[in-house]
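Below is one structure; the comments refer to it alone.
What follows draws every value from the coordinates through simple rules; no lab data is involved. In this text the structure is predicted, and so the values were computed from the model without any measurement. Cβ: placed from backbone, ideal geometry, glycine included. Neighbour counts: every protein chain shown.
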Amino acid sequence: MTVISSREFANNQAKYFSLAQNEQVGIKRGKFMYYLIYNPIETYPEQPIFEPDDDFYRSISIDELHCRVKKNIHKWYKEKNENNCLTGS
């Protein structure tokens, strides 16, 4: 097994990824040890692709949200002030 520092790994990543195909590579950082594990991508199952659902189609953009809030905040402020004037608060 080859043990290297995290700095050495950062400087020579390609070298150590290639080396991990044939032997264990340990990366020492502080008091911890991390291992490079060679596992070809073909062995991973295909990730499902999800289609947009109803929640996605009901969503709004940040610009639309800003516009709606800006439009209603004046109305809410006015209603609050009118209610305070009626109750004497």
Taking the Cβ of each residue in E46, E79 as the centre, tally the other Cβ atoms inside 10 Å and list the residues starting with the fewest.
E46, E79
Place a +1 charge on the Cβ of each Lys and Arg in the chain and a -1 charge on the Cβ of each Asp and Glu, then give the dipole magnitude about the Cα centre in debye, rounded to the nearest 20.
740 debye
Eight or more residues apart or on different chains, and alpha-carbon atoms under 24 Å: count the Lys pairs in the chain matching that.
5
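Please give the net charge around S5, taking every other residue with its beta carbon less than 9 angstrom from that of S5, where Lys and Arg add +1 and Asp and Glu add -1.
On the way: positive: R7, K28, R29; negative: E8.
My count for the surroundings of S5 gives +2.
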Potential extension, F32-A10 segment - 0.36 nm per residue separation minus Cα distance
6.3 nm
Set Lys and Arg Cβ to +1 and Asp and Glu Cβ to -1, take the dipole of the chain about its Cα centre, and tell me which of I60, P40, Q13 lies farthest positive.
Q13
Relative to the longest principal Cα axis of the chain, at what angle does helix 62-87 sit, 0 to 90 degrees, rounded to 10?
40 degrees
